[in-house]
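Below is one structure; the comments refer to it alone.
Quick note: the coordinates plus some simple rules give every number you see, no bench work behind them. Remember, it's a predicted structure, so these values are computed and weren't measured experimentally. Please note: Cβ atoms are built from the backbone with ideal geometry, for glycine as well, and neighbour counts cover all protein chains shown.
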Amino acid sequence: MSVKTLTKISGILLLITVSLAFAINLSGKESSEIHQRQFADNTIEIKVIDDLKEITTPVVYEFYPVSEDGIGEKLGETKANSSGNTTVKVALDVATKNIMVLRKKAGIDKRQTFKIKSSSLEVDFSSKNLSD
């Protein structure tokens, strides 16, 4: 065998090795992420933190799944209590990886999108993170 042939063979083997390592790494991350999210009843508990001083108008939080295709249909909603904090459980499709939370307060809407990593999520709409 010539040096040229050996170089081609080793290059092909190196390319195959790198491709396999990359594929294994990606599949490992994906299965790990899905595994973390396969909780018993396919719901997520969302804790909303908001530092509302006093509620003079209703404050509503709406929850939407976000995918590559865009924003899906509303999963649920909840209203803020007197402290501005509230907790709600919403049902999710196992494939949902992100959730958008929309805060409706006196005609001013704020939204944040969060990556889902476990069966609970903390959403912070306090003034240190958002301004009206």
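Backbone phi angles across the range 63-77, fed through the Karplus curve with coefficients 6.51, -1.76 and 1.60 (θ = phi - 60°), yield HN-Hα couplings of 10, 10, x, 10, 9, 5, 7, x, 8, x, 6, 4, 8, x, 8 Hz in residue order; Gly and Pro are listed as x. Remark: the range 103-116, residue by residue, has Karplus-estimated 3J(HN,Hα) of 9, 10, 9, 6, x, 10, 9, 10, 9, 9, 10, 10, 7, 8 Hz, where x stands for each Gly or Pro and the curve is 6.51 cos²θ - 1.76 cosθ + 1.60 at θ = phi - 60°. The charge dipole of the range 43-124, taken about the Cα centre with unit charges on the Cβ atoms of Lys, Arg (+1) and Asp, Glu (-1), comes to about 120 debye, rounded to the nearest 20. For the peptides 102-109, 43-50, the ranking by mean Cβ contacts within 10 Å, running from highest to lowest, is 43-50, 102-109.
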